[in-house]
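Read-outs throughout are calculated quantities, based only on the coordinates presented, and are distinct from any laboratory measurement. Everything quoted here is computed from the prediction, not taken from an experiment. Cβ sites come from the backbone with ideal geometry, for glycine too, and all protein chains shown count toward neighbours.
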Amino acid sequence: MVLNIRQISKSYKTVRALQQVSFDVPENCVYGILGPNGSGKTTLLGILLDILKPDSGTFQWFGQGGNAEIRKKIGSLLETPNFYSYLSGAENLRITQSVSGRGRAKDIDDVLHTVGLHNRRWAPFKNYSLGMKQRLAIAAALLGNPKVLVLDEPTNGLDPAGIAEVRELIVQLYRRGHTIIMASHLLDEVEKVCTHVAILKNGQLLASGSTEEILSEEDIVELGAENITQLKELAAGLGGKMLENHHTNGLIHISFPKGKIRPEEINRYCFERGIILQHLALKRKKLETLFFELTGK
Amino acid sequence: MLHLLYTEWLKMRKYTAFWWMMGLTALSYPGINYIFYNVYSQLTQQSDKASQYAKMMLGNPFAFPEVWQTVAYFSSWFVFIPAVMVIMFISNEYSFKTHRQNIIDGWSRNEFITGKLLDVAAVTLIITILYIIVSLVTGSLNSTGASGKFREKTHFIGLFFLQTFAQLSIAFFIGFLLKKAFLALGVFLFYFLILENIIIGLLRFKQWKIANYLPLEISDRLIPRPGFMYLTNAEEYRKDLDAIPLHVALTLLLTSAIWFYVYRQFNRIDLK
């Protein structure tokens, strides 16, 4: 295991930011920590990186308690990019290198190339755009090719091309055996890259595990017919759970326990009752659907 | 240790304000001594009787061995310039949130504070070297053949180092607590230049000895005024010289307490 989190709680005055959160992060995965704003994602990462002190609970990186030597091996980006504004991007990375001991002088050039900042490496950080600052923070996390990366909202401030590049970078790192722990509220982004997820709401862990496991507990059937009202009435008799908030483009979605329904049965059921289906698809449950169900949003 | 100092150097070497402050320090320490040396020269180098009388009364505070104390005393007036620099060391980290980033990147909280402690020690060392150079140059220009007296009063080098380190530690402490540079600078300068002097004045007026034990006064008393400034009050001068060991102990105590609190607090708090 890369990380074990046990019963971590944290309060700020009257706000309970984390309530007995426990989960494990295995090696070589992309672990997404999801949750709405204020759900405790950044607080959790802050505790794991010794920026915040938990009220109770423990965590272990690589089977050891969190300490400075272990943090040196982890490339991290927490909240906003924090750099010395009067120094250039390259000079700031020199400080990251000196503090962490990760990488050599040549590696600074390499990571700046990777994030597309090499030609602006000598410009002062204060003159960087929001997206460039984010890229520099990602470069700092990548310095020295750490086996574990902690990325808090890594695509913040990036344009669509930048978001795609970061997503591709995360996938590549995962394929090369790295472990990436990322917090995000962008569900689509997480679904595209994460192998595991933990879902937080109001500091409580609602679900955690591999994306495959979490999303495969239910089958979603997508149906469409000329008379959608009649179809909805009829579908109620199928025994599944109508997903009221997620019918789009004249289609309805019904959730069934995994393996309990076959498309041909639905087609026959509708046909025998005088409804000709124009659309029938068995879909994997989307992370977004699960997220809204769990968080009640 | 050297690694921490090197990283601190990486942070500072391109910081324009740091070099401005270093430049001001490098000018002010010799400058203030040069001004007083000129005043002394003008008072004593005339051929009239008043000048001869002044020379007899004042002696030569710019010759060895008195120069060690004289330069240390006048130079210590300008400790607020490096204090500005020291406050910037910590307030910059807060404003850029790099105090968090350094920990995230792998420093322990103790290492971060040790880096700052080394900053303060390094600035103190630079200033002490500057003081030694000014004293040597001034003393050499004013001494004639009394080489045996060169080593007398060199203990003021150690006292100057301790006083500067103690007062810069107080500046750092204010920056550490208040976090914002302008606020911390304002509070320190107001206290250093105005408030403590008013309090001391009031307490002395009431003849309360506690005036000698205010935070900056504790270390101010490591370097008493040069002998000529006491004029005929030799008794008070002797008492001030005798009190130096007590003030060394108190300064060490206060400075240790400051750094102990800083280490302890930085290890306990959430870094926001």
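Summary table
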| quantity | calculated |
| --- | --- |
| Computed FRET value (nearest 0.05) for A:Asp188 with B:Ala26, which takes r as the C-beta separation and R₀ as 35 Å | 0.05 |
| Cut-off under 5 Å, modelled amide H: who pairs with A:Ala183 long-range | A:Ile33, A:Leu151, A:Asp152, A:Glu153 |
| Residues of type lysines that B:Lys11 reaches as a straight line, Cα spacing below 21 Å, ignoring anything fewer than 8 places off in the same chain | A:Lys72, A:Lys106, A:Lys126, A:Lys133, B:Lys97, B:Lys116, B:Lys179, B:Lys180, B:Lys272 |
| For the protein assembly as shown, size of Cβ-based charge dipole, Lys and Arg +1, Asp and Glu -1, in debye | 1080 debye |
| Calculated Rg and Dmax of the protein assembly as shown using C-alpha coordinates, Å | 34.1, 131 |
| B:Arg238/B:Asn267 FRET efficiency (R0 30 Å; Cβ-Cβ; nearest 0.05) | 0.10 |
| Cross-link partners of B:Lys149 among aspartates and glutamates (Cα-Cα below 13 Å; sequence separation of 8 or more within a chain) | B:Glu66 |
| Percent of C-alpha pairs per 10 Å bin, segment B:2-266, short to long | 6, 27, 32, 21, 10, 3, 0, 0 |
| Euclidean distance of C-alpha centroids, segment A:26-40 and segment A:160-219, integer Å | 7 Å |
| Cβ-based net charge around A:His118, under 13 Å, with every Lys or Arg adding one and every Asp or Glu removing one | +1 |
| For segment A:48-146, alpha-carbon Rg and Dmax in angstrom | 14.4, 46 |
| Fraction of antiparallel bridges per DSSP, chain A only, in percent to nearest 5 | 65 percent |
| Reach of A:Lys258 by Cα under 24 Å, taken over lysines that are not fewer than 8 positions away in the same chain | A:Lys192, A:Lys232, A:Lys241, A:Lys283, A:Lys285, A:Lys286, A:Lys297 |
| GNM top mover of B:His99, B:His247, B:His155 - chain B, alpha-carbon springs below 10 Å | B:His155 |
| Only Lys, Arg (+1) and Asp, Glu (-1) charged, at Cβ; segment A:166-217 dipole about Cα centre in debye | 240 debye |
| Under the span-like rule (Cα at least 20 Å along the axis, Kyte-Doolittle mean at least 1.6), DSSP H helices of chain B | B:155-178 |
| Residue-wise HN-Hα coupling along segment A:166-179, computed from phi with Karplus coefficients 6.51, -1.76, 1.60 (Hz; x: Gly, Pro) | 5, 4, 5, 4, 5, 4, 4, 4, 4, 5, 8, x, 6, 10 |
| Cα centroid of segment B:222-272 to Cα centroid of segment A:77-153, whole Å | 43 Å |
| Phi to ³J(HN,Hα) by Karplus 6.51 cos²θ - 1.76 cosθ + 1.60 over segment A:79-86, Hz, x for Gly, Pro | 6, 8, x, 10, 9, 7, 5, 7 |
| Size of charge dipole - segment B:2-266 - debye, nearest 20, with Cβ of Lys, Arg +1 and Asp, Glu -1, no other charges | 340 debye |
| Residue-by-residue Karplus 3J(HN,Hα) for segment A:4-11, coefficients 6.51, -1.76, 1.60, Hz, glycine and proline x | 10, 10, 10, 6, 7, 10, 8, 10 |
| Under 5 Å, built H, 5+ apart or other chain: amide partners of A:Ala225 | A:Gln278 |
| Span from the segment B:68-121 Cα centroid across to the segment B:174-189 one, whole angstrom | 12 Å |
| Förster radius 25 Å - calculated FRET efficiency between A:Glu288 and A:Gln172, Cβ distance, rounded to 0.05 | 0.50 |
| Pair A:Ala161, A:Ala281: separation of 7 Å Cα→Cβ label points (nm) | 3.0 nm |
| Ratio of Rg to Rh over segment B:1-133 (Cα coordinates, Kirkwood Rh, two decimals) | 1.18 |
| Shielding by partners, peptide B:118-124 (average Cβ within 10 angstrom, other chains) | 0 |
| Net charge of neighbours whose Cβ lies under 12 Å from the Cβ of A:Gly144, counting Lys and Arg as +1 and Asp and Glu as -1 | +3 |
| Segment A:1-45: trypsin sites (Lys or Arg not before Pro) falling in loop per DSSP and having at most 11 other Cβ within 10 Å | A:Lys13 |
| Sum of side-chain charges, A:Arg71 neighbourhood, beta-carbon under 10 Å (Lys, Arg +1; Asp, Glu -1) | -1 |
| Per DSSP, loop trypsin sites (Lys or Arg not before Pro) in segment B:118-222 with at most 16 further Cβ within 10 Å | B:Arg151, B:Lys179, B:Lys180, B:Lys206 |
| Nearest 10 degrees, 0 to 90: helix A:89-100 Cα axis against chain A principal axis | 90 degrees |
| Per DSSP, loop GluC sites (Glu not before Pro) in segment A:115-221 with at most 13 further Cβ within 10 Å | A:Glu217 |
